[in-house]
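Worksheet: one structure, shown below.
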Amino acid sequence: MAPRRLLLVGEGNFSFAVALSETLDPNTSLTATCPQRSADLARDLVVRENLRRLRERGNEVRFGVDCTHLADAFEPQDREFDRIYFNFPHCGRKAGVAKNRELLAKFFRSCADVLAEDGEVHVALCRGQGGTPADKPMREWHNSWQVVAMAALGGFILSDVHPFNCKALPGYKCTGYRSQDKSFHIEGALNHIFTRSLPFESLQPRISRIKLGDQWFSFLEPEVLVGKLNRGFLEAPSCHPIKTINEKLIAELGKAFPLKRLKCSSPLLLQGDASVLTSHNPDILSTAFWVSLHEDNSNFESLTSGITQDMEDFLVSFSELSLPKSARRDSKEEAHEGTYGQAKVCLRPSLLVHIQAVIQAPDFLPGSLHILSGPVFQRCCISPFTMPAFHETLYILGFNKNLKDSCLQSLLDHLKGILDNLLTQTWLEGSERSSSVEFVFQPTGERYMITVKSQNFGPDCVKDLIIGSVTTPATSVIHKDQCFVCVCMNLDLLAMLVWDISDWRMLWTSDSRFLKNFAPGKIEPFKSYSLYPPYYVHDISFWLDEKKRFDEVEFHTLARAVSQDTVISIQFLSRFQHSKTEQVSLCYRLTYQTCDKALTQQQVASMQSQLRKEIQQRLHVTPR
């Protein structure tokens, strides 16, 4: 559907307005404005002719409009424009980049007052001025107009950029500043299209409740996981790419093996389940998010108001699959209130914790592929391919011990074929991208790592990404004649590779534009709606407390929480020890950047200041 209302600001001779009006749908209205007064342009014959043609077509013309104060030019009922155009903005004379940045910043702030919610702002700039990689050649950031950073000040993100095509607008003649005869050089010019960004919201951790036996308990969700619990990406109505990739894997595996899909339980695990966790990965407990359960006798309705039924099920359905025998209560124990006390629980760091519960179940079906999929949560350092919340899928296959080698090889061969096919579905003809799946045997035991050697993120960026593992767990007490193979894969990483999504945070965005890229069951290339977001660098140094051990993973986790996932890199710079006091100081460099929202330098400065306060309080260090 064509835009209903267009606004042109900073018009010179109105030739762009005339040319554009001739391409518009009859139902689309156009308002052309300029900063000059009508009397200042009365002697210009070209302007007079263009104004006549505009008015003949029923378009509106306004003079003396300041593009940095658009709300002053239009009454509230006359705002809500669907598109705003500003071609080749310039402060005039020999204004430097700083002055022109200021003009852009004020313009974008002004646009926020008169643009429709789903509207666009089109800004045409001469070659190199924008300072984005779309410019050829690209100017150094400090010598450009930093158009994306200036747009962020108004709450806008760059959603598209393409060459400014004069040939598509016959009759358009670019003029210079305030219609001067000397025009701008528009060869290589680019049209930048901006849309509104979702705002940063001050999300607070929620108090959640679960029921163990007959007793209700409450816990505070970890700050770093705010907005990541109970997103329902794998649920029936979802068209999220993580669900699509999961369903495609299951469908393809179903062609080779009988399937049995299992329901994923609550992600909470009691402290007594440590033996299950460590049997597969001795270090996995250190990655878990631990929370304390407190007996909660408060009114249920008052605490759960506003919580969806899905959220209630997520918190309350604490199934036996998640509970070790030592933590389960029989009828006598359930009669004794407070049996759990202040229990220590963690959020499930991997689906591998469920292996024993599955293979020890009396109804386990040998020869069938048992499938479990769900969210998991891990404390981890900040990097492009590690995430505190992601989705795993677990495949468990049982078979006769005499068929171990052949069954294992059959499963690996089918899995490799499925993954190789998925990783090539979105490639364009002539693409230089390539990916290959390998099963790398670990010398420490019967364990394979599923590795993808990928160029999906650029021809000069070849990465070996571990997307899963293959293990052979101990035999079952119930099914003694059976041998088992378990495959566990990171669905988020796989989705990133398949759709060429370069940032894992995009999978967790709340922006509805993300899901519009994906049709149910289809795999098509992902096109980001937020291009070339600016990044900001800050250093932080602090003295360590010699009595406290410094936890670097906790430092990264705290940076994630305070910055709302905008810190994309933490680089260790130096370690200093005072010659007299022998006190140790560490210095790190933090890089802030978003993938889906407008982020300003002022917001980053505030986050950095808050981080300094938080590390002092929680990590017992002294910022320098």
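The values are calculated or read from the model by the stated rules, or taken from the named source; none is laboratory data. Since this is a predicted model, take the numbers as computed values, not measurements. Heads up, the Cβs are rebuilt from the backbone with ideal geometry, glycines too, and the neighbour counts pull from every protein chain shown. Accessible surface areas use protein heavy atoms only, side chains included; no ligands, DNA or RNA. Shrake-Rupley method; radii C 1.70, N 1.55, O 1.52, S 1.80 Å.
Please give the per residue accessible area of the range 535-623, computed with a probe of 1.4 Å over protein heavy atoms only, in Å². Don't skip to the answer; put the middle values down first.
Numbers: 4760 Å² over 89 residues.
Computed with neighbouring chains in place, this is 53 Å² per residue.
Probe radius 1.4 Å, ligands and nucleic acids ignored: give me the carbon and sulfur share of the accessible area of the range 4-196 as a rounded percent. Walk me through the numbers on the way to the answer.
Numbers: 4410 of 9470 Å².
Of all accessible area on the range 4-196, carbon and sulfur atoms account for 47 percent.
Nearest 0.05, what FRET efficiency do residue 193 and residue 78 give at R0 = 22 Å with Cβ-Cβ as r?
Values: r = 23 Å, r/R0 = 1.06.
The calculated FRET efficiency here is 0.40.
What figure, in Å² to the nearest 10, do you get for the accessible area of residue 552 with a 1.4 Å probe and non-protein molecules left out?
For residue 552, solvent-accessible area is about 70 Å².
Provide the per-residue ³J(HN,Hα) series for the range 501-514, in order, calculated from phi with Karplus coefficients 6.51, -1.76, 1.60 and θ = phi - 60°, each as a whole number of Hz, with x at glycine and proline positions.
My calculation for the range 501-514 gives 8, 7, 10, 4, 5, 4, 5, 9, 5, 9, 6, 5, 5, 5 Hz in order.
Within the set 228/527; 263/597; 99/136; 548/580, which residue pairs have Cα atoms separated by over 28 Å? Mind dumping the intermediate values first?
Values: 228/527 23 Å; 263/597 35 Å; 99/136 23 Å; 548/580 20 Å.
Check vs 28 Å cut-off fails for 263/597.
Just from the alpha-carbon atoms, what are the Rg and Dmax of the range 492-624 in angstroms?
Taking only Cα atoms of the range 492-624, I get Rg and Dmax of 18.5, 65 Å.
Just the accessible area per residue of the range 4-196, please: how many Å² with a 1.4 Å probe? It would help to have the intermediate numbers written out before the result.
On the way: 9470 Å² over 193 residues.
Normalised by residue count, the accessible surface of the range 4-196 is 49 Å².
Got a number for the accessible area of residue 584? Probe 1.4 Å, square angstrom, nearest 10.
It works out to around 20 Å².
Keeping all protein chains in the complex and leaving out DNA, RNA and ligands, what accessible area do you get for residue 72 with a 1.4 Å probe, in Å² to the nearest 10?
Its accessible surface works out to 130 Å², give or take rounding.
Given points 7 Å out from each Cα along the Cα-Cβ axis, report the residue 577 to residue 480 separation in nanometres with one decimal.
The two pseudo-label positions are separated by 5.9 nm.
Name the residues whose placed amide hydrogens come within less than 5 Å of the amide hydrogen of residue 260, ignoring near sequence neighbours (fewer than 5 apart) on the same chain.
Close amide H contacts, sequence-distant or interchain: 369, 370, 371.
Applying the Karplus parametrisation 6.51 cos²θ - 1.76 cosθ + 1.60 with θ = phi - 60° to the phi angles of the range 147-159, what ³J(HN,Hα) value in whole Hz is obtained for each residue in order, glycine and proline being reported as x?
4, 5, 5, 5, 5, 4, 5, x, x, 10, 10, 7, 9
So who's got an amide H within less than 5 Å of the one on residue 84, skipping anything under 5 residues away but keeping other chains? H placed 1.01 Å off N, in plane.
7, 120, 121, 122
Using the Karplus curve 6.51 cos²θ - 1.76 cosθ + 1.60 with θ = phi - 60°, what ³J(HN,Hα) values do you get for each residue of the range 136-143, in whole Hz, with x for Gly and Pro?
Per-residue couplings from phi come out as 10, x, 8, 6, 5, 4, 5, 9 Hz.
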